[in-house]
Amino acid sequence: MVKLMLALDVMDKNKALTMVDEISKYIDAIKIGYPLVLSSGLDIVKEIKDKTNKEVICDFKVADIPSTNEKIAKLTLNYADGIICHGFVGRDSVEAIQKIAKQYEIKTHHKKKVIMVTEMSHPGAVEFMQPIADKLAEVAKILNVDGIVAPSTRPERLTKIKKIVGNIPIISPGIGAQGGELNAVLDILGEDDYIIVGRAIYKSENPKESAYKYSMLLKGHNG
Ligand code: C5P
């Protein structure tokens, strides 16, 4: 069954906590990025994890040299179940994060996911990222990362990238506010994949109802 990941890009700690309280039963995972962490501190990751017991992925799109990536991964994976990084900086930078994830896994017996961006979902991604996205997907496959990010806004690209990465799970943003069509995407994604939905849930008039609606659409599609 395709899973639902909430992009919790609100910039207020109390709003974030109230939101997850209300809707966590309708979602499978929560993605936390810079808007929430920079406004509330990294501890918000632990707070949301403790409160919801959902999978929590930090979308920090880490893109630095290996030794700095290691430090970012150490701080992040102490609380989060996974971290999103860029691959265009080179495979050594991704491997540095994988090394830290492995160390945590050995220490905690708990899976820590390293998820790599291939192509972003916004219009500007066609400028520099799209031309190298297939290569990035090939690298993701070689590195055997735990997931890749690919766009729901371009179903034809999603199909191509999925073909390259094979059984590596896809997490796909772009449904809702960015205009991605849910049905087109659900025809491509499989049971280990996720759609990411942010504004269409947290900015809607009734976030609880919106999250419920998405969860039902996923259930309906999965039969
Ligand atoms: O609000 P919306 O549903 O557009 O949120 C999409 C989320 O996915 C945001 O957190 C955005 O930063 C993230 N994202 C994206 N495209 C990518 C990678 C991440 O939109 N390729």
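Read the figures in this text as sums done on the coordinates, not as results from a lab. Since the model is a prediction, treat every value here as computed from it, not as a measurement. Reconstructed Cβ throughout: ideal geometry from the backbone, glycine too, with neighbour counts over all protein chains shown.
Observations on the model:
- ³J(HN,Hα) computed for each position of the stretch 162-178 - Karplus, 6.51 cos²θ - 1.76 cosθ + 1.60, integer Hz, glycine/proline x: 4, 4, 6, 7, x, 8, 6, x, 9, 10, 10, x, x, 6, x, 4, 8
- Put in line by how crowded their Cβ is, counting other Cβ atoms within 10 Å and starting with the fewest, Glu191, Glu138 read Glu191, Glu138.
- Computed from backbone phi, the HN-Hα couplings of the stretch 191-208 come to 5, 8, 8, 10, 9, 9, 10, x, 4, 4, 9, 6, 9, 6, 4, 9, x, 4 Hz, rounded to whole numbers (Karplus: 6.51 cos²θ - 1.76 cosθ + 1.60, θ = phi - 60°; Gly and Pro given as x).
- Fewest-first sequence of His109, His86, His221, His122 by Cβ atoms within 10 Å of each Cβ: His109, His122, His221, His86
- Sites His109 and Asn53, calculated FRET efficiency, Cβ-Cβ separation with R0 22 Å, nearest 0.05: 0.85
- Here the gap between Glu156 and His122, fully extended at 0.36 nm per residue and compared with their Cα-Cα distance, gives a gain of 10.8 nm.
- The stretch 191-223-the stretch 51-73 distance, computed between alpha-carbon centres (Å): 24
- Cut-off under 5 Å, modelled amide H: who pairs with Gly180 long-range: Ile175
- The reciprocal of the average 1/r between distinct C-alpha atoms defines the Kirkwood hydrodynamic radius, which for the stretch 1-97 equals 13.7 Å.
- When the Cα positions of Ile115, Pro155, Gly180 are compared along the charge dipole of the chain, Ile115 comes out farthest toward the positive end, with charges on each C-beta of Lys, Arg, Asp and Glu.
- Using all pairs of distinct alpha-carbon atoms, the Kirkwood hydrodynamic radius of the chain works out to 17.4 angstrom.
- Footprinting exposure proxy ranking of Leu136, Leu38, fewest other C-beta atoms within 10 angstrom first, gives Leu38, Leu136.
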